[in-house]
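Enquirer: Quick one: the structure is below, questions incoming.
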Amino acid sequence: MSTVSLAPAQTAPSACTTQSAMTADMRQSLTDTALALATAVKANDTEHVRSMSAPEIASNFDSTVFVIQQTSGAIASDTLRVTQLYRLDASNRKPNDPTQAEFGCALAGTTDEVDFSIPGLPPGVYAFAIVEATGDRPWLLPILLVQQGSAWKMAGFYPHARAAAGHDGLWYWTTARANAKAGKKWLAWVQYGQADQLLRPANFISSTHLDQLRGERRTNAPGELSDGISPEAPLVIKAKDGAEFHFTSLGSTATDDGKSLNLVLHYHVDSVGDSAAANTRNTAAASAILTAHPELREGFSSVSVFAEAEGQTPFVTEQSIAEIH
């Protein structure tokens, strides 16, 4: 969905009301709505979720149905609890404004802040609720709500696991720090990224703690990644045979069962080509980066490789790390 913006605000920050500053009635209304939506998701009751969604969501619901089904299966036996609420007043925004809607939410009693940066948000009054699903495989169910009359309707849904391979985001953060200190900066880079994935509620949210994590990642980045990695600034790895691979992303994700971790590589190709050649090239790409930085073999059960060419469907392979030589 949206991505985190660390750039300065393009418009004046809109008003944010944190949970502690809300009236009891507002807090209860938001809690009841968020919990009702999360309960319907847990029950895989897609029609009930649709009935509680804004028209823009309800009228194009297929992708949301898929997300609900995936989430329901993961949290079927979990306990649900609303843990954070924010009211976001964007009523002063202009219609069709493509800029970021910026909300700075100072947390009472601390110097910490949670920041929202939502591109193209229409005028209106919104709320953001975080529901925790606690169980064997804990998940986070963040929900963007929009006020319509006296009701709150779902305007966005961003569920994701809170743990990967049996560890939470704080574990990956502290482990990344230890590996960076030990000189394993490539491994640390991926682990910092995994920590970020698990700790951020949604891509358009930052916070004092997330800024600290990202700053630490930049400080400890290998020299080749000091400016990050992206399609505009790829990581170029040369294989033993002289072939060059232009990696645009280096990260990780949990396996479907959540029990282990995949190394995830994206790289650019001019053309995907036929399947046999593409499969060989993906294996060669994985081999090149693992040969150059063998510490990346640690902690991963497999490697997923995405060969991406403009205008073409990516060619994706997954292999056991042990199979890559």
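The values are calculated or read from the model by the stated rules, or taken from the named source; none is laboratory data. Predicted model, so just to flag it, every value in this text is computed and none were measured. Positions of Cβ are generated from backbone atoms using ideal geometry, with glycine treated the same way; all protein chains shown enter the neighbour counts. We work out accessible area using only protein heavy atoms, side chains counted, and drop any ligands, DNA or RNA first. Shrake-Rupley method; radii C 1.70, N 1.55, O 1.52, S 1.80 Å.
Enquirer: Just to confirm, what accessible area per residue do you get for the chain at 1.4 Å probe, in whole Å²?
Expert: Values: 15720 Å² over 325 residues.
Counting only protein heavy atoms, the per-residue value for the chain is 48 Å².
Enquirer: Now a separate question. For the chain, what does the helix formula give at 222 nm: sum of -39500 (n - 2.57) over DSSP H segments with n ≥ 4, over the residue count, nearest 500 deg cm²/dmol? Don't skip to the answer; put the middle values down first.
Expert: Working: 8 runs with 101 residues, N = 325.
The helix contribution divided over the chain gives -10000 deg cm²/dmol.
Enquirer: If you don't mind, another one. Given R₀ = 51 Å, FRET efficiency for ASP97-ARG218 by Cβ-Cβ distance, to 0.05? Present the calculation step by step, with values, prior to reporting the outcome.
Expert: On the way: r = 31 Å, r/R0 = 0.60.
Once the sixth-power term is evaluated, E becomes 0.95.
Enquirer: Something else: What is the ratio of the Cα radius of gyration of region 267-325 to 2.2 N^0.38 Å, with N the residue count, to two decimals? Present the calculation step by step, with values, prior to reporting the outcome.
Expert: Numbers: Rg = 11.7 Å, N = 59, 2.2 N^0.38 = 10.4 Å.
Normalised Cα radius of gyration, region 267-325: 1.13.
Enquirer: If R₀ is 35 angstrom, what is the calculated FRET efficiency for the pair ASP168 and ASP45, using the beta carbon separation as r and rounding to 0.05? Show your work: numbers first, answer last.
Expert: Numbers: r = 29 Å, r/R0 = 0.82.
It comes to 0.75.
Enquirer: So how far apart, in nm, are the two label points at THR253 and ARG81 if each is 7 Å from Cα heading toward Cβ?
Expert: 3.0
Enquirer: Against the longest principal axis of the chain, how steep is helix 185-199, in degrees 0 to 90 to the nearest 10, with axes from Cα atoms?
Expert: 20
Enquirer: How big is region 101-227 in terms of Cα radius of gyration and Dmax, in angstroms?
Expert: Taking only Cα atoms of region 101-227, I get Rg and Dmax of 16.8, 56 Å.
Enquirer: Heavy atoms of the protein only, probe of 1.4 Å, neighbouring chains included. What is the accessible area of ARG81 in Å², nearest 10?
Expert: Using a 1.4 Å probe on the heavy atoms, I get roughly 140 Å².
Enquirer: Related question: Classify region 35-141: rounded, prolate or oblate, from the alpha-carbon gyration tensor (a ≥ b ≥ c, eigenvalue square roots; a/c under 1.5 rounded; otherwise prolate if a/b is larger than b/c)?
Expert: On the way: a/c = 2.60, a/b = 1.29, b/c = 2.01.
Here region 35-141 falls in the oblate category.
Enquirer: Kindly list the residues of region 262-287 that lie in the label zone of GLU318, defined by a backbone N under 13 Å from the point 7 Å along the Cα-to-C-beta vector.
Expert: 262-265
Enquirer: From the alpha carbon gyration tensor of region 207-325, can you work out the equivalent ellipsoid semi-axes (sqrt of 5 times each eigenvalue) and give them in Å, largest to smallest?
Expert: Details: eigenvalues 115, 62, 45 Å².
Each semi-axis is the square root of five times an eigenvalue, giving 24, 18, 15 Å.
Enquirer: Once you have the Cα-Cα distance between SER150 and SER275, take 0.36 nm times their residue separation minus that, and quote the gain in nm to one decimal. It would help to have the intermediate numbers written out before the result.
Expert: Working: separation 125, 0.36 × 125 = 45.00 nm, distance 5.46 nm.
Net length gain for the segment: 39.5 nm.
Enquirer: Taking the chain as the reference, fit the longest principal axis to its C-alpha atoms, fit the long axis of helix 208-219 to the helix C-alpha atoms, and give the angle between the two in degrees, 0 to 90, nearest 10.
Expert: 10
Enquirer: Could you work out, for region 231-286, what percent of all Cα-Cα pairs fall into each 10 Å distance bin, beginning at 0 Å and stopping at the bin that holds the largest distance?
Expert: That works out to 21, 45, 29, 5, in percent per bin.
Enquirer: Can you tell me the orientation of helix 24-42 relative to the chain, as the angle in degrees between its alpha-carbon axis and the longest Cα principal axis, to the nearest 10?
Expert: 50
Enquirer: Of LYS42/LYS259; LYS153/LYS259; LYS42/LYS185, which sit over 29 Å apart, Cα to Cα? Can you show the working numbers first?
Expert: On the way: LYS42/LYS259 21 Å; LYS153/LYS259 35 Å; LYS42/LYS185 39 Å.
Pairs exceeding 29 Å: LYS153/LYS259; LYS42/LYS185.
Enquirer: Right, something else. If you put +1 on each Lys and Arg Cβ and -1 on each Asp and Glu Cβ, how big is the dipole of region 34-139 around its Cα centre, in Debye rounded to 20? Spell out each step's value before the answer.
Expert: Details: 7 positive and 13 negative charges, 38 e Å.
That gives a dipole near 180 debye.
Enquirer: Could you grab the relative contact order for the chain? Cα pairs under 8 Å, six or more apart, rounded to a whole percent. Don't jump to the answer; show the numbers that get you there.
Expert: Working: 631 pairs, mean separation 41.8, N = 325.
Relative CO of the chain lands at 13 percent.
Enquirer: Below 19 Å, Cα to Cα, which aspartates and glutamates can LYS184 reach? Residues fewer than 8 away in the same chain don't count.
Expert: ASP196, GLU216, GLU224, ASP227, GLU295, GLU298
Enquirer: Give me the extension gain from THR134 to GLU310: residue separation times 0.36 nm, minus the current Cα-Cα distance, reported in nm with one decimal. Working shown, then result.
Expert: Values: separation 176, 0.36 × 176 = 63.36 nm, distance 4.05 nm.
Gain on extension, THR134 to GLU310, equals 59.3 nm.
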